[in-house]
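Readers should treat all values here as calculations from the given coordinates under stated rules, not as data from a laboratory. Keep in mind that this is a model prediction, so the values were computed, not measured. Heads up, the Cβs are rebuilt from the backbone with ideal geometry, glycines too, and the neighbour counts pull from every protein chain shown.
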Amino acid sequence: MDHVFEQIYEMEAIQGLSKHEQLVNGILNAIQNKTLSQGDMLPSVNSLINEFGFARETISKAYKELVERGIVESRNRVGFFVANVNVRQNLKVALILFAFDTFQETFYKTFRSRLGKEVHIDVFFHHSNIEVFNSTVTSVRGKYGMYVVAPMPHARTASILRCLPIDKLLIVDRYEPVSDECSYIAQEFEKSSYSAFATLSDTIKQYKGMIYYHRPAADTPIEILRAYKKFVKDYKIKSEIRSEYIPGTIEKGKVYFTINNTELWAMLKDCKLKKIKPGKDVGILSHNDDIVKELIFDGITTYSTDFKLMAEKAADFVLNRQKIREIIPTLLIRRKSL
């Protein structure tokens with residue numbers, strides 16, 4: 001039993017875990033590390049009380065959770081035993097995303113499919129609100145076998161995420177420095193944005209100027225703004241930066257760039273109403289690709305990371321737990337709108 005106790009003691013180092021969470025996660029780790037095998041007897045309630053000083057109610061609650069998840073079975077008057085060493089089959093994953101946008105829907109569907117039906121996923125959204133993000137992370141801590149999180153850029157983000165076990169945490173979409181040991185699968189914004197703009201520069205110069213809609217209070221990456229400012233300066237592009245697109249304001253002879261799909265749909269609606277042809281009368285560039293942008297108005301030019309590939313790699317991390325630190329490439333997809 002000493003090796004099992006060691007796994008539980010390791011949980012004490014994780015900030016903020018309750019005694020119940022320490023016990024559950026310690027036993028799960030013991031199974032995953034093959035310290036415990038199927039059929040093995042778990043420490044008795046009395047031995048856990050003597051070793052850790054846990055309350056009997058706390059231990060009973062932890063064992064009840066493991067029984068309900070199908071990992072442990074209770075044999076009357078004998079004790080608790082490992083019922084299933086395939087923890088993946090009963091794995092619960094907390095997936096924390098920004099919001100259910102089209103590209104994040106692509107991520108979720110691919111992630112769900114690759115994990116298989118036997119892995120349980122609960123999805124949460126923080127909507128780039130740090131208080132919601134904090135309360136969400138706090139509420140899921142210790143209740144899941146894996147945590148896949150799309151974080152928001154904020155001074156508090158790293159400290160909030162450090163309450164989760166690093167070996168069970170995967171950062172996706174947007175990298176935030178948490179720990180040298182933390183795994184991530186993210187996209188890069190600044191260099192990739194500048195490269196996309198530069199590749200399109202000859203086409204952009206055929207128009208009178210370029211307008212970028214950047215919402216300072218939203219989740220728009222500041223790196224894109226920096227790349228845009230550098231591009232228009234380096235290539236001497238007449239430019240405006242506006243906080244939001246006002247319906248009805250689209251003009252011929254300009255290139256319009258937004259990463260907000262609601263603004264994009266408003267622009268395209270105005271093009272239709274005013275009989276303005278994207279790719280001829282105006283140029284339109286969008287961030288984050290999806291199938292709709294491939295089809296509408298003969299295609300919208302985008303630059304985007306591969307969210308399907310990101311989701312596949314995230315699912316593989318959950319299943320195999322092999323440390324990964326990878327930036328998914330961003331690709332420019334030229335279509336008729338620019």
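Points to keep in mind about this one:
- Residue pairs, from the table Lys109/Lys313; Lys229/Lys293; Lys117/Lys323; Lys191/Lys323, whose Cα atoms sit over 22 Å apart: Lys229/Lys293; Lys117/Lys323; Lys191/Lys323
- The range 203-244: trypsin sites (Lys or Arg not before Pro) in DSSP loop, at most 15 other beta carbons within 10 Å: Lys205, Lys208, Lys236, Lys238
- Normalising the average separation of contacting C-alpha pairs (under 8 angstrom, six or more residues apart) by the number of residues puts the relative contact order of the chain at 14 percent.
- Relative pair counts by distance (%), Cα atoms of the range 190-305, 5 Å bins: 2, 11, 24, 26, 23, 12, 2, 0
- The length gained on full extension between Ala13 and Ser74, counted as 0.36 nm times the residue separation minus their Cα-Cα distance, comes to 19.1 nm.
- Principal-axis analysis of the Cα atoms of the chain puts helix 261-273 at an angle of about 30° to the longest axis.
- Note on Arg215 and Arg242: their simple-model spin labels are 1.5 nm apart, each label 7 Å out from Cα toward Cβ.
- Listed by chain and number, the aspartates and glutamates whose alpha-carbon sits under 13 Å from that of Lys205, ignoring those within fewer than 8 places in the same chain, are Asp234.
- Bins of 10 Å from zero: percent of alpha-carbon pairs in the range 2-87: 18, 58, 23, 1
- For the range 101-132, the list of trypsin sites (Lys or Arg not before Pro) that fall in a loop by DSSP and count at most 11 other C-beta atoms within 10 angstrom reads Lys117.
- Cα-based radius of gyration of the chain once divided by 2.2 N^0.38 Å, which approximates compact folds: 1.24
- Approximate spin-label separation Ser159-Glu6, in nm, with each point projected 7 Å along Cα-to-Cβ: 3.4
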